[in-house]
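A short worksheet on the structure shown next.
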Amino acid sequence: MSGLLALWRMEYLRLRTLLFWSLLALVCLTGVALRNGGDFYHHQLAQQQQLQQGNAQWVQQNAAKTRRREQALREEGKPIQPDRKIYRNPAYLANQGPTLSVPPLPSQGLSLGELPQLPTAHEVSLLPASLWKPVHNVFHPMALWLGAFDWGVVLAYVFPLCLMVLGFDLLTDERLRGHLPLYATYQWPWPRLLAAKISLRLLLSTFFLAILGLEVLCVAPRLGLPVSGADVAGALLLSAAYSLFWWMLVAVLHVFMRSPAQIAVILGSLWFLWAWLLPAIAAQAIAAQYPVPSRFTYLQRYRETEERVRKAQTDHNASYLDTHPELKSGADNTYALKQLARSEALAQALSPIVQTYERQLEARLQALQWVRFVSPIYAHQWSLQRFWGSDRAFYGAYLEQLETFSARWQSFFLPQIQQGKALETQGFARFPAYTFQAPPMAQRLLQAFSGLWVWLVFWLLALGLIGYRASAHEPTP
Amino acid sequence: MMQRMWALWQYRWRQDLKRPWVVAVWCGMLLLLLWSTVQETRSYGHYQRAQAEIMAQQRHLWEHQGALNPHTAVHHGLYAFKPWLPLSVLEPGLQAYLGSTVFLEGHRQHISAFAPAADQLRLSALALLSPAALFQQGVPLVIILLGYGCIAQLRAQGTLAFLVAYGLSRRQILLAEGLYLFSLVLLMVLPTFVLSSWWLFQEASWQSTGWQWLVFWGAFGLYWAIFIQVTLLVSGVSSKSRQALFVLFMVWLFNGLVLPRSMMSAADLPAYSVLQAHIQQELDTLPDWQTRLSQLHLPPEVNAEAEVLKASEADETAVFAKHMQALYERYTQGVAGYYRWRMFVPALALQQLSQGLAQSDLSSHQNFLQAAEAYRQGYILQLNAVLSERSAEETFSYEAGNDLWQQVPEFEAPQALTVSQWREALKSLGCLGLWWLGSFGVLGFYQRRYEVLP
């Protein structure tokens, strides 16, 4: 044990400058990433709060107008039903509904994922939820092009670079200087020496992660990013497993390579391959394999349909009445007819494009699962994003809840539209309420860890290779 | 002397061609460059075809609206589509993130929509595989991988001392190594250069793109020369080749990947719904129809309804212009803050220059948006003027026909580089030139002193 401690001390003295600079770089970059994450979270939160405020105002204003109108009608001794005022018209209200949004999680500020590209709010209408008008937030296009620099990037991309710097020269330099046989005479054969050096580095990398975790916990709330301890602990756990992968890789390379420059070139090339080339090539190949319909096609179909409906509104209304005879009994339903006929025509014209889009997107996401097995860097990023809720699975949960809400929205308004009734004041209080249920954190963590079994296979393989070489009783690897 | 340098150059080629990993790296990058150029050419072709098709279709819809009130037509609106220019095949820049169209309707100014990036896959923060990204990151990486040992390894092996004894001066050795690396890069990039230039001049004329093409390639040549000089310098300074590799890798990483990415926050902007709410608040303060009518004091022979319409349109345009301008100003400030560092980070200077020349940068997009907004105001004025000629009673009941829609001119997006864009590009070229001179000067100073013996 004392020998091990002495070796660790010697290694620490050798590495301390590198350790200091690596840690400093990681701490600074984490600070920058947290600032970016804080900006993102605030930006999304401001968007959502404004939309919610707008929704509340919309309901209040229409309810107040309706209340005043009802009062006036009562004072005039007239019935409050039927009424042609637009702000009481259920077809109008149903089609100009609120804007629903997915509430941002603080953890999403730690890794933005695809969220800046996705519409995180939708305007409710009588159309199916998949055709609701998306509401985008604005982001700086330059930053989107560069790719968000968040804590996920620091952990998945920059952290392994520090590990490489600390680990590309474990045994090779000792071998070049002829120290390995000397160690062997002191009962330190190379496998033991390698294990001792790797274990020290493993401890140091865990220490790095702990420091970064503490930094996030202390600094993030000050930057307006109230992440929880669980958000950080889960990510550190995933990153510790990730660092073990890199140390195993370093160990395997030391068993087979003899020059530190060669090991450095291979580690650098692997990083370049996994961080850049493979994901980029895979993205292009998958996008080419599963092309999505052009947005121009969607736009053209939308405009054509609107134009067709406008030009032949009377015919459309008549044909709509043929398929929806229940509306014939309504009092004054001209407006409702127009809205419903338009919605149906749009849904018929656009649904095939949207369905194709969704089908292709699903196929792309399925194909993406496989990229995790060829790029550990992408795999780690994927795990972090899944855990922090900034991936497509989390977004998918939001889209599913929109579908459920759409059904509730239609079932609330359609009977009133069919009866040709104007909405009454109490009706506004009974509007379907939307609350987003985020997938539970435990479930996300479980999914994030599900990819680790591949690394387990690699760890076992690496241990087997090192053990095999060690059993050959060679004085040098 | 030249013969000895030539012999060293040949020796380096022969040595490296024997190493399979060198050949693999060199060929890999060559193929990647070609592949990404072909991919970008294909996406450019798809985009151009789709855009031409929808422009024709939208125009047809507009021209065949039939009987309609001109103000209703203004509400139906038009779309302006942003063109991609041929040089953007090499440097697609920001155009996938900027939106490809903007909706132009009465009373409102919209932001651009349908950014192609929404339908693309980007699996990692770094993973861009355009030719320009490979020129900026990939080619320098190959220079580093094949050049880190240029001096350090020769010194460690004792070859350097032998070469000096053979009669080569330190300067000649550096020159031969530099030429070796430069020829390696040139041969690697040559197929892409030939292919892309051949394609480019099929698509565009020399007059429209020639100078941009020339400066574009010149800047990249300069950038690679800077990397070669820095590689030679670090390799000469370092006592061990691994030390040189480590330093160069860090330079590459921070120059191209870490620093540029850490300098920008995507969300340092007002939220879009908050911006919309501010605009709405200001719109609500504008006088209503009756107030405006009473304020205008119009003579009876004038169509007061149409004049009110024009006045309110002008006020709304001013409100939108103020807020949207402020938003675009924030964009511009972000970009200006980012490129302020181009003097210290050559990758930024190169990025600014290449995107500016290919017109795939933010300023070109803003030129497009400005042109689209001017067009919106113009066509709305044109249609409102038609209403002014009618009586007040007819303002909202008058229906114009296809003849009027056909008189509205088609939108033409600006395609030429502006003087300020050229100025910015030349400033960046100046930064790169200074870097080249600086690294050349340091190398020239250092070449007299570097150690020959390990």
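The values are calculated or read from the model by the stated rules, or taken from the named source; none is laboratory data. Being a predicted model, the structure only gives us computed values, none of them experimental. Cβ sites come from the backbone with ideal geometry, for glycine too, and all protein chains shown count toward neighbours. When the accessible area is computed, the model is the full protein with side chains, heavy atoms only, and any ligands, DNA or RNA have been set aside. Shrake-Rupley method; radii C 1.70, N 1.55, O 1.52, S 1.80 Å.
When the accessible area of region B:220-311 is computed with all protein chains present and a 1.4 Å probe, what percentage of it is carbon and sulfur? Don't jump to the answer; show the numbers that get you there.
On the way: 2270 of 3740 Å².
Within region B:220-311, the accessible surface is 61 percent carbon and sulfur.
Taking the Cα atoms only, what angle lies between the long axis of helix B:304-339 and the longest principal axis of chain B, rounded to 10 degrees?
With both axes taken from Cα atoms, the answer is about 10 degrees.
So, with a 1.4 angstrom probe, what is the percent of accessible area on chain A that is carbon and sulfur? Working shown, then result.
Numbers: 12600 of 20580 Å².
So the carbon and sulfur contribution to the accessible surface is 61 percent.
Would you kindly find the accessible area of residue A:286, with a 1.4 Å probe and non-protein molecules such as ligands, DNA and RNA excluded, rounding to the nearest 10 Å²?
Counting only protein heavy atoms, the figure is 20 Å².
Give me the lysines in straight-line cross-link reach of residue A:133: C-alpha distance below 29 Å, same-chain residues under 8 apart excluded.
Straight-distance partners of residue A:133: A:65, A:85, A:311, A:338, A:421, B:82, B:322.
With a 1.4 Å probe, how much accessible area is buried between chains A and B, both sides summed, in Å² to the nearest hundred?
Details: alone 24030 and 22720 Å², together 39920 Å².
Counting both chains, the buried surface is close to 6800 Å².
What do you reckon, how do B:82, B:240 stack up by accessible area (1.4 Å probe), largest on top?
Correct descending sequence by accessible area is B:240, B:82.
Between residue B:391 and residue B:113, what's the calculated FRET efficiency when r is the beta-carbon distance and R0 is 35 Å? Round to 0.05.
Working: r = 38 Å, r/R0 = 1.09.
Step by step, r from the Cβ atoms, then E = 0.35.
Give the residues of region B:143-157 whose amide nitrogen is closer than 13 Å to a point set 7 Å from the Cα of residue B:452 in the direction of its Cβ.
Label zone hits: B:155.
With the other protein chains left in place, how much accessible area per residue, in square angstrom, belongs to chain A at a 1.4 angstrom probe? Don't skip to the end; give the middle numbers.
Working: 20580 Å² over 477 residues.
Per residue, chain A has an accessible area of 43 Å².
Using a 1.4 angstrom probe with every protein chain in place, what is the largest-first accessible-area order of A:145, B:206, B:211? Don't skip to the end; give the middle numbers.
Working: A:145 25, B:206 120, B:211 160 Å².
Accessible-area ranking of A:145, B:206, B:211, largest first: B:211, B:206, A:145.
Under the definition of partner shielding as Cβ atoms of other protein chains within 10 Å of a residue Cβ, what is the mean value for peptide A:265-274? Intermediate results must be reported in sequence, preceding the final value.
Details: counts 9, 1, 1, 9, 6, 0, 2, 8, 1, 1.
Whole-number average of other-chain Cβ neighbours for A:265-274 is 4.
Calculate how steeply helix B:419-446 sits against the longest principal axis of the alpha-carbon atoms of chain B, using the helix alpha-carbon long axis, and give the answer as 0 to 90 degrees to the nearest 10.
10 degrees
What number comes out for the charge environment of residue B:8, summing +1 per Lys or Arg and -1 per Asp or Glu over other residues with Cβ under 12 Å away?
On the way: positive: B:4, B:12, B:14; negative: B:177.
Residues close to residue B:8 contribute a combined charge of +2.
List the lysines whose Cα sits under 29 Å from the Cα of residue A:197, skipping any in the same chain fewer than 8 residues away.
B:240
Ordering A:162, A:218 by accessible area with a probe of 1.4 Å, largest first, what comes out?
Values: A:162 15, A:218 75 Å².
Result of the area sort, largest leading: A:218, A:162.
Could you tell me the accessible area of residue A:453 in Å² (1.4 Å probe, neighbours in place), rounded to the nearest ten?
That residue has around 150 Å² of solvent-accessible surface.
With every protein chain in place, what's the accessible area of residue A:68 (1.4 Å probe, Å², nearest 10)?
140 Å²
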